[in-house]
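Q: Before I ask anything, let me first share the structure, which is written out below as structure tokens.
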Amino acid sequence: MKLLIMPNSIKQVNELLENIDGIIVGLDKLCINMPYNFSLDEINELITICNENDKEIFISLNKNMFNKDLDYLKEILLTLDSKNITGIFYYDIAIVNMKEELNLKVDLVWNQEHLTTNYLTSNFWNEHGAAYTALSSEITLDEVKEIKKNAKAKLMFTAFGYLPMFVSRRHLVKNYLDTFNLKDNSKINYITKEDKVYQIIDTVDGTIAYSDKVLNAISEVSSLDIDYIILNSFSIPNDIFKDVTHMFKNVNSANKEEYKEKIDSMLDTYLGFLYKETIYKVKKND
């Protein structure tokens, strides 16, 4: 099992190199829902750092693409294909089509978030160049194990961090502020509902809302036969994230409960959907 982080800076990557196997970084203008959007120059610097330290590097191009994005996307894919990177995260299948059309050799990571819930679709995309699948954060631990038994692709599983609840193309925060003639330059806003506080971010690509608590699955990963574990640094203090990364790197059956309690004491945590099945009910009309 390899440990990947979603970092918030180049400095953070350098500080955590000894405890990680690789990184996932988003390229500015072509990614969403990342702790930080890196410029192409920063991406090139990170590629060099990872290559020199024998670390894997995945580039996230995980936004819905529009016609205006396609020329730049093609240019970026050709550029990245010439680099020594491990893979490219995609949401929009335009990237799958471009990989085939341009005969690119780079591996892809199927990353359609709420849709990556089964091994049949994973195997389909595997036949079209997706050597990896980043599993949805909305499936149970048993479902993760079932997918692992049957999937052809290498699997990634988010084990720590705030989870994205939804992404909207609408600018919900900006529209609200404009409607009531309010001024607010905060990067993160908050919604309170039923005594729970959710972080919400409004970017040029729309609005993203996150879970009110931090997923902490460290007690599960030591017994989970998965290829990659992902830790997301979004909105986590750097010193805490450093400690968390060290614990995930060194967790085993003997210390997993101790580490879980340590993380729980630092953050407001939960186990997401790992033990909670999604049940669909048909409403009967009276």
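The values are calculated or read from the model by the stated rules, or taken from the named source; none is laboratory data. Remember, predicted model here, so these are calculated numbers, not experimental data. As a convention, Cβ positions derive from the backbone with ideal geometry for all residues, glycine included, and neighbour counts pool all protein chains shown.
Q: Give the residue, chosen from Phe248, Phe160, Phe180, Phe166, that is closer than 21 Å to Ile59 by Cα and of a type in the set (A, V, I, L, M, F, W, C). Spell out how you get there, then give the answer.
A: Values: Phe248 fails: closer than 21 Å to Ile59 by Cα; Phe180 fails: closer than 21 Å to Ile59 by Cα; Phe166 fails: closer than 21 Å to Ile59 by Cα.
Among Phe248, Phe160, Phe180, Phe166, only Phe160 is closer than 21 Å to Ile59 by Cα and of a type in the set (A, V, I, L, M, F, W, C).
Q: Which of (1) closer than 27 Å to Phe241 by Cβ; (2) modelled with pLDDT of 85 or more is the odd one out, the single condition Glu194 does not satisfy?
A: So Glu194 meets the others, but not (1).
Q: A follow-up question, please. Answer yes if at least one residue in region 106-113 is of a type outside the set (D, E, K, R), loosely packed, with under 14 Cβ neighbours inside 10 Å and without any contact (Cβ under 8 Å) to a residue 40 or more places away in the chain, and no otherwise.
A: Taking region 106-113 as the starting set, the residues that turn out to be of a type outside the set (D, E, K, R) are 106, 108-112.
Checking the rest, the ones that are also loosely packed, with under 14 Cβ neighbours inside 10 Å come to none.
Taking every residue of region 106-113 in turn, none turns out to be of a type outside the set (D, E, K, R), loosely packed, with under 14 Cβ neighbours inside 10 Å and without any contact (Cβ under 8 Å) to a residue 40 or more places away in the chain.
Q: Still on this structure, I have one more. In region 228-240, what residues are hydrophobic (A, V, I, L, M, F, W, C) and touching a Gly at 6+ places or on another chain (Cβ under 9 Å)?
A: First, the residues of region 228-240 that are hydrophobic (A, V, I, L, M, F, W, C): 229-231, 234, 236, 240.
Ile230, Leu231, Phe234, Ile236 - these are the residues of region 228-240 that are hydrophobic (A, V, I, L, M, F, W, C) and touching a Gly at 6+ places or on another chain (Cβ under 9 Å).
Q: What about Lys174, is it closer than 25 Å to Val244 by Cα, more than 14 Å from the chain's Cα centre (by Cα) and basic (Lys, Arg)? Steps first, please.
A: Working: closer than 25 Å to Val244 by Cα: no; more than 14 Å from the chain's Cα centre (by Cα): yes; basic (Lys, Arg): yes.
No; evaluated as a whole, the condition is false for this residue.
Q: Shifting gears a bit: Of the residues Asp243, Asp268, Asp227, Asp212, only one is touching a Lys or Arg at 6+ places or on another chain (Cβ under 9 Å) and either of a type in the set (Lys, Arg) or farther than 30 Å from Tyr190 by Cβ (or both); which? Working first, answer last.
A: Details: Asp243 fails: either of a type in the set (Lys, Arg) or farther than 30 Å from Tyr190 by Cβ (or both); Asp268 fails: either of a type in the set (Lys, Arg) or farther than 30 Å from Tyr190 by Cβ (or both); Asp212 fails: either of a type in the set (Lys, Arg) or farther than 30 Å from Tyr190 by Cβ (or both).
Within the list Asp243, Asp268, Asp227, Asp212, the selection yields Asp227.
Q: If Leu3 passes every condition in (1) under 15 Å from the mean Cα position of the chain (by Cα); (2) under 15 Å from Ser60 (Cβ atoms) but one, which one does it miss?
A: In the conditions (1) under 15 Å from the mean Cα position of the chain (by Cα); (2) under 15 Å from Ser60 (Cβ atoms), Leu3 misses (2) alone.
Q: Here's a follow-up. How many residues does region 29-75 hold that are assigned to a loop (DSSP other than H, G, I, E, B) and touching a Cys at 6+ places or on another chain (Cβ under 8 Å)?
A: Step one: filter region 29-75 for residues assigned to a loop (DSSP other than H, G, I, E, B), giving 29-36, 39, 53-55, 62-66.
In the following step, the residues that additionally are touching a Cys at 6+ places or on another chain (Cβ under 8 Å) were identified as 62-63.
Residues meeting the conditions: 2.
Q: Let me ask something additional. Is it the case that Thr207 is within 25 Å of Asn19 (Cβ to Cβ) and either within 20 Å of the chain's Cα centre (by Cα) or among the charged types (D, E, K, R) (or both)?
A: no
Q: If we keep just the residues of region 162-221 that are free of Cβ contacts under 8 Å to residues at least 40 places away in the same chain, within 30 Å of Tyr275 (Cα to Cα) and β-branched (Val, Ile, Thr), which is surrounded by the most Cβ atoms within 10 Å (Cβ to Cβ)?
A: Ile201
Q: Same structure, new question: Name the residues in region 78-105 that are over 24 Å from Asp21 (Cα atoms), under 19 Å from the mean Cα position of the chain (by Cα), in contact (Cβ under 8 Å) with a residue 12 or more places away in the chain and not in a helix (DSSP H, G or I), would you?
A: Within region 78-105, Asp92 is the sole residue that qualifies.
Q: So, one more: Hey, Asn285 hits all of (1) free of Cβ contacts under 8 Å to residues at least 60 places away in the same chain; (2) touching a Gly at 6+ places or on another chain (Cβ under 6 Å) but one; which does it fall short on?
A: (2)
Q: I would also like to ask the following. Is it the case that region 228-238 has a residue that's polar (S, T, N, Q), in contact with a Phe, Trp or Tyr (Cβ under 6 Å, 6 or more places away or on another chain) and surrounded by 17 or more Cβ atoms within 10 Å (Cβ to Cβ)?
A: Among the residues of region 228-238, at least one is polar (S, T, N, Q), in contact with a Phe, Trp or Tyr (Cβ under 6 Å, 6 or more places away or on another chain) and surrounded by 17 or more Cβ atoms within 10 Å (Cβ to Cβ), which makes the answer yes.
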